[in-house]
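Trainee: Next up is a structure, given as structure tokens.
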Amino acid sequence: MLNFVRFWILLSAFLSGTGWILSALHELNFAGYLTTFAIAGFILTWRMGKSKYFDNTHRTARKFLRRFKRLAPLLFLLLAIMTLAAGTLYVPNNIDSNAYRIPRVLHWLAAGKWHWIHTGDARMNSAGCGFEWLSAPLVLFTRTDRFLFLINWLSYLMLPGLIFSVLTRLGVRARVAWWWMWVLASGWCFVLQAGSTGNDSFGAIYALAAVTLALRAQEKENSGDLWLSMLAAALLTNAKQTNIPLVLLWLIAVLPGARLFLKRPLVTVAMIAISLLVSAVPITLFNLKYSGNWIGISHSAVNHLQNPIWAHSTPDSFLWGVIGNVFCVPAQNLVLPYFPWAEKWNAAMEKFLQTPLGAHFISFEHFGLLSRYADEYAAGLGVAICLFTLISIYLARRYQQTSAPESAVKDRFLWLLRVTPWMLLLLFMAKVGTMGSARLLAPYYPFLFPMLLVAPGHAHLVRRVWWQYLGLLTMFFAALLLISLQDRPLFPAQTILVQLREKYPHSKFVSKVSHFYAAGTLVFDNGNPFAKDLPSDQHIIGYATAGGMSEPLLWLPFGQWRVERVLEDDTSKQLYELGIRYVVVEDLALEATHQTIEQWMDRHNAVLVAQTTYRQQASQGSFHLYLVRLLSEKVVLYDGTK
């Protein structure tokens, strides 16, 4: 397993570094990637004959296959197959991915380099680029975004082994760690994103690898693992900026073996330089350059954001941030997979914000918001694992026995490694007030469990057959969730429900289930909805949006069109200078600027060509899209009123 992890870290670092270097050379294109891949392939072939990391591959494969003779790993294999099926069958429908992550990659490839994109969504420029640099060559060579989920899926395969390695190295008994590595890998935030293009659980692999390789380097006196752990920590920061606090955990883990850095100082300096290149440092420097602060959203930009709430998800103070998240994070983790009372709950939260106490949480993004059904955008570990954890902690106290103490120094060191994640959790809660905090904590969750599982009673509890079956049942709930997911059901929902409606036309239950899955159906599965309405000589499409979720569709087929964002204050003259003659206008953009489509067309001297409706996820409802053609460079001032 560690060989694959090492290879994944090297591949991730190579692709991230290559992305920045090719951008600097203005060669982020087919020829640039092909050249770097050829060079990397030659070096890899040369090194494989010398490196011990690639020895005993066949023996490792046989050992890996024997593992699935037991029920827990067999259930994990089932989850892996199901997530692979979900990713293969359905187009990417992650909200954030379609709104800015996939579009930013397409913009970079079209320009042949990373650049500061003309957009009203600051995330397209300011967010970490880790997932995107792995995505860019996939999109470039396959001309589709259908394979991007493989980045998450391959990461998911490494999750149980890395969890086991971290748990045991932080003092959890091997038998306890063996069971919990399968249970934790069935967490909803992990399984729902394994077949998706979300990038929250993606960083967990880097975090776990950074800590386990740092500790292993000290145990084995291996400088190579120490350098790789540094690369993993750097990649972790570039996956998502909310992961940056976890670097402190790596710094603690690396302390006992830090002397190994001095064994080959020149290599260490080179690895530090590479780590800085593949970390969040480059995007942070660009954010400082273009916006004046490290997060990439300047005060002036906030007023121009099409959805300003993205810039207002930081709690007012440390205290109220922690208090608010102490409520929100457990609520998001404990919510049922189907929560029919979501509307009443969310209305109550809105009412609470109007009270003197609730006013402290207005700075949160939709404080206390819960979804009607489980989805990858809001899911944490899930109610099944949370309840199973509470039951296990309570019952483990009944089996407490005195165990042989470890050395005082090692005790203090392991205690620090186990406590630090909880301190980092407090820091996260104090600074992050988004409505998706539970999913953003995905890389943090595995590190919270050593403190909970280190008690000797767990070693006795995991031997109980009824406990083992309860753990298997917890994993089985994740499988049921994957099968019945509204946006990506793993059964022919519409076919079966049509037959049931015919057989039971008056059944309220059948009617509700039919409506549930019908609401999750995508209007467009593939292709640009306006492809037939655009002339063959038109290669640039304008896109006026407030969310951006429809943009990946407008690029299809990749390479035929280029999409440029149209902002509220862009004039027809500016659009004409960019070569834009056709603009897709989203109804959300019209609502944000208090316009009708008629007013928008009058301002830009445009005529309506076509219109359609698009729905990405059921939770987001439908979007109405208008395709308009600009008639001239007419400039009309708009005062913002209807």
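Trainee: Of everything in segment 103-119, what is under 12 Å from residue 567 (Cα atoms) and either buried (at least 23 other Cβ atoms within 10 Å of the Cβ) or in contact with a Ser or Thr (Cβ under 6 Å, 6 or more places away or on another chain) (or both)? Give them in sequence order.
Mentor: Within segment 103-119, 119 is the sole residue that qualifies.
Trainee: So residue 165 fits all but one of (1) crowded, with 23+ Cβ neighbours inside 10 Å; (2) closer than 19 Å to residue 5 by Cβ; what number is the exception?
Mentor: (1)
Trainee: Of a type in the set (A, V, I, L, M), assigned by TED's automatic domain parsing to the domain that holds residue 125 and modelled with pLDDT of 95 or more, is that true of residue 255?
Mentor: Answer is no for this residue.
Trainee: With respect to residue 44, determine if the residue is surrounded by 13 or more Cβ atoms within 10 Å (Cβ to Cβ), part of a helix (DSSP H, G or I), at pLDDT 95 or above and not small (Gly, Ala, Ser).
Mentor: In short, no.
Residue-by-condition table, conditions (1) small (Gly, Ala, Ser); (2) buried (at least 24 other Cβ atoms within 10 Å of the Cβ); (3) in a helix (DSSP H, G or I):
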residue	(1), (2), (3)
181	no, yes, yes
193	no, yes, yes
203	yes, yes, yes
211	no, yes, yes
238	no, yes, yes
257	yes, no, yes
260	no, no, yes
270	yes, no, yes
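Trainee: Something else: Just checking, does segment 566-576 include any residue being among the aromatic types (Phe, Trp, Tyr), touching a strand residue (DSSP E or B) at 6+ places or on another chain (Cβ under 6 Å) and under 30 Å from residue 120 (Cβ atoms)?
Mentor: No.
Trainee: So is residue 84 surrounded by fewer than 19 Cβ atoms within 10 Å (Cβ to Cβ), modelled with pLDDT of 95 or more and touching a Phe, Trp or Tyr at 6+ places or on another chain (Cβ under 9 Å) or not?
Mentor: Considered against the rule, which asks whether it is surrounded by fewer than 19 Cβ atoms within 10 Å (Cβ to Cβ), modelled with pLDDT of 95 or more and touching a Phe, Trp or Tyr at 6+ places or on another chain (Cβ under 9 Å), residue 84 comes out as yes.
Trainee: Could you identify the single residue in 167, 134, 154, 150 that is touching a helix residue (DSSP H, G or I) at 6+ places or on another chain (Cβ under 9 Å) and farther than 27 Å from residue 21 by Cβ?
Mentor: 167
Trainee: Follow-up question, since we're still on this one. When only residues in segment 332-353 that are assigned to a helix (DSSP H, G or I) and touching a residue at least 60 places away in the same chain (Cβ under 8 Å) count, which is surrounded by the most Cβ atoms within 10 Å (Cβ to Cβ)?
Mentor: 332
Trainee: Moving on. Do you know which residues across segment 175-217 are farther than 25 Å from residue 238 by Cβ and not hydrophobic (A, V, I, L, M, F, W, C)?
Mentor: 175, 186
Trainee: Within segment 109-135, restricting attention to residues that are of a type in the set (A, V, I, L, M, F, W, C) and under 16 Å from the mean Cα position of the chain (by Cα), which residue is nearest to residue 207 (Cα to Cα)?
Mentor: Filtering first and then ranking leaves 131.
Trainee: Additional query: Going by what's in this entry, would residue 551 be described as charged (D, E, K, R) and closer than 30 Å to residue 593 by Cα?
Mentor: Spelling it out, residue 551 is indeed charged (D, E, K, R) and closer than 30 Å to residue 593 by Cα.
Trainee: Which of the residues spanning segment 240-255 are of a type outside the set (A, V, I, L, M), in a helix (DSSP H, G or I) and in contact with a Pro (Cβ under 9 Å, 6 or more places away or on another chain)?
Mentor: 242, 243
Trainee: Examine segment 444-460 for a residue that is of a type outside the set (D, E, K, R) and touching a Cys at 6+ places or on another chain (Cβ under 8 Å), and state whether such a residue exists.
Mentor: yes
Trainee: Go through segment 276-292 and report how many residues are in contact (Cβ under 8 Å) with a residue 60 or more places away in the chain, crowded, with 19+ Cβ neighbours inside 10 Å and of a type in the set (Ser, Thr, Tyr).
Mentor: 1
Trainee: Taking residue 73 as the residue in question, decide whether it is touching a helix residue (DSSP H, G or I) at 6+ places or on another chain (Cβ under 8 Å), in a loop (DSSP other than H, G, I, E, B), surrounded by fewer than 22 Cβ atoms within 10 Å (Cβ to Cβ) and in contact (Cβ under 8 Å) with a residue 24 or more places away in the chain.
Mentor: The answer is no for residue 73.
Trainee: Hey, could you check segment 544-579 for residues that are of a type in the set (Ser, Thr, Tyr) and out of contact with any helix residue (DSSP H, G or I) (no Cβ under 6 Å at 6 or more places or on another chain) and say which is surrounded by the most Cβ atoms within 10 Å (Cβ to Cβ)?
Mentor: Here the answer is 550.
Trainee: So is residue 484 surrounded by 13 or more Cβ atoms within 10 Å (Cβ to Cβ) and either β-branched (Val, Ile, Thr) or under 32 Å from the mean Cα position of the chain (by Cα) (or both) or not?
Mentor: The answer is yes for residue 484.
Trainee: Something else: Under 27 Å from the mean Cα position of the chain (by Cα) and not assigned by TED's automatic domain parsing to the domain that holds residue 139: which single residue out of 614, 582 fits that description?
Mentor: So the residue among 614, 582 that is under 27 Å from the mean Cα position of the chain (by Cα) and not assigned by TED's automatic domain parsing to the domain that holds residue 139 is 614.
Trainee: When you look at residue 551, is it among the charged types (D, E, K, R) and closer than 17 Å to residue 105 by Cα, yes or no?
Mentor: Spelling it out, residue 551 is indeed among the charged types (D, E, K, R) and closer than 17 Å to residue 105 by Cα.
Trainee: Going by the conditions given, is residue 10 of a type outside the set (Val, Ile, Thr), more than 30 Å from residue 115 (Cα to Cα), at pLDDT 90 or above and in a helix (DSSP H, G or I)?
Mentor: Judged against the criteria, residue 10 is not a match.
Trainee: When you look at residue 371, is it modelled with pLDDT under 90 and either in contact with a Pro (Cβ under 7 Å, 6 or more places away or on another chain) or under 30 Å from residue 459 (Cα atoms) (or both), yes or no?
Mentor: For residue 371, the condition - modelled with pLDDT under 90 and either in contact with a Pro (Cβ under 7 Å, 6 or more places away or on another chain) or under 30 Å from residue 459 (Cα atoms) (or both) - is not met.
The values are calculated or read from the model by the stated rules, or taken from the named source; none is laboratory data. Bear in mind that the values here come from a model prediction, so they are computed numbers and not experimental data. Quick reminder, even Gly has a Cβ in these numbers, built from the backbone with ideal geometry, and neighbours come from all protein chains shown.
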